[in-house]
Amino acid sequence: RPGRGLIQGDRMALEGVAPPPLQFRLGTVIPASFSVLRRNLLTFVVVTVVCVLPLIVVFAAVAAVFALSLAQHAEFNSGSIVAVVVLVFAVVFTFLLIQSAISFGTFQGVRGERARIGACISRAFAVLPRVFGATVIIVVVMLLIALVFMLRASICRGSMFLGAAFTGQPSVAPAIGGIIG
């Protein structure tokens with residue numbers, strides 16, 4: 001690979017030696033993580049600042065919309081709701097962009113290459129639709145799981161109150177199990 005660093009397995013393959021099997025051990029991963037962070041800390045800080053600057057502008061615009069809305073109507077209106085939705089999407093977009101850029105920079109560091117600011121940000125924009133899609137799927141699955149547990153808790157709490165209505169003795173055990181779940 002011209003212009004790119006070789007990882008340990010690539011060097012060994014070029015020399016005709018089989019690379020050692022990859023082993024995931026906590027004792028090696030944590031020091032390697034700190035080593036990559038130490039070598040690329042300035043890059044990661046600059047990437048974060050560059051990605052957050054547009055969010056600050058959006059936040060200032062949303063604050064201005066709120067100030068105008070409250071000054072005119074003394075209550076929230078549809079413009080305020082749209083502004084909040086825009087701010088939420090801007091925050092999520094910024095978070096995903098930073099995570100993608102730093103992940104790419106980390107992989108570059110693990111490969112023995114220096115993480116570059118432009119490369120990290122451009123790669124983050126390239127993978128952002130896939131990262132956003134995966135995030136949406138994860139959020140939907142987590143909401144479904146929470147809904148199941150909330151439904152279970154409400155059924156158990158309902159049976160506690162219904163049991164009291166018919167027998168005069170509330171049963172607390174199912175409700176506690178549902179709430180804990």
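The values are calculated or read from the model by the stated rules, or taken from the named source; none is laboratory data. Predicted model only: the values in this text are computed from it and were never measured. For neighbour counting, all protein chains shown are included, and Cβ atoms are generated from backbone atoms with ideal geometry for every residue, glycine included. Surface areas here come from the heavy atoms of the whole protein model, side chains and all, with no ligands, DNA or RNA. Shrake-Rupley method; radii C 1.70, N 1.55, O 1.52, S 1.80 Å.
Worth a mention:
- Candidates are the residues of segment 38-49 that are within 13 Å of E113 (Cα to Cα) and of a type outside the set (S, T, Y); the one that is most open to solvent (accessible area, probe 1.4 Å) is R39.
- Taking the listed residues A134, A67, A71, A90, the one that is assigned to a helix (DSSP H, G or I) and surrounded by 14 or more Cβ atoms within 10 Å (Cβ to Cβ) is A90, with no other qualifying.
- Taken as a whole, the condition of being among the β-branched types (V, I, T) and open to solvent by less than 100 Å² (accessible area, probe 1.4 Å) applies to I121.
- Only residues that are open to solvent by 90 Å² or more (accessible area, probe 1.4 Å) and touching a residue at least 12 places away in the same chain (Cβ under 8 Å) were counted across segment 100-117, and they come to 3.
- Just one residue in the set F59, F76 is open to solvent by 90 Å² or more (accessible area, probe 1.4 Å) and at pLDDT 85 or above; that residue is F59.
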